[in-house]
Amino acid sequence: MQTKKFVGAALLLFAVVFFWNLSLRREVSVRRDIEQKMRFMATHDDSTKLANRSLLMERLSQAILQHARHQEKLALLFVDLDGFKAVNDQYGHDVGDQVLVKVASLIKQTLRQSDVVARLGGEEFVILLPMATEEQAWHTAERLRQQIAALHWPSPVTAHYRQTVSVGLSLQTADYDIERQLQQADQALYQAKQAGRDGIQWFVAESVS
């Protein structure tokens, strides 16, 4: 009788410990999932799920350190949807968000796994191309320009709608300055806009007279 009681108590204790450990593992898993979701929300754009400026700067800093060590080139692309305000004005912001999501999806599908794409806000995207030559950066920009222009849009955006983009390019110089390269890519985008939009422009320093 004593043996049976001892075995029963041992089995009960084992069951309690087993389910307690199981409950703890589930709680840890739930907390980990919540932390990952919070991290994702803090570092990604709500609409497109692309990296936001904070995550872009983090990845840029990492890439700059790596490329400075090996003296490798690093390209930045600033991509802006031409005349996007008219989409929001004519069809509403919900449809505008659909356009942004579709463009974001196309960009992600076009890039390499090592590349980083972020939405800085509005209709502007920034693409980081590690270990990219001038030719590779230009080819990527041109392919995106053509593919975005060929996209088909959902109703109520008509089939005749054509979304063009302007792209500014900059290549990392020997000093590996993050802010300077961002400014150069942004300036190149402005130059592409000034040249008539629906085009690509390398950063060209303005001459001082």
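Quick notes on this one:
- So Val79, is it of a type in the set (Val, Ile, Thr), assigned to a helix (DSSP H, G or I) and open to solvent by less than 10 Å² (accessible area, probe 1.4 Å): no
- The residues of segment 140-173 that are within 22 Å of the chain's Cα centre (by Cα) and modelled with pLDDT under 80, listed by number, are Trp153, Gln172.
- Selection from segment 119-153 of residues that are surrounded by 14 or more Cβ atoms within 10 Å (Cβ to Cβ), β-branched (Val, Ile, Thr) and not in a helix (DSSP H, G or I): Val126, Ile127
- Matching option when the condition is at pLDDT 85 or above and either closer than 30 Å to Leu171 by Cβ or of a type outside the set (Ser, Thr, Tyr) (or both), among Thr48, Thr43: Thr48
The values are calculated or read from the model by the stated rules, or taken from the named source; none is laboratory data. Since the model is a prediction, treat every value here as computed from it, not as a measurement. Counting neighbours? That spans all protein chains shown, and the Cβs are built from the backbone with ideal geometry, glycine included. Side chains are part of the model used for accessible areas, which takes the heavy atoms of the whole protein and leaves out ligands, DNA and RNA. Shrake-Rupley method; radii C 1.70, N 1.55, O 1.52, S 1.80 Å.
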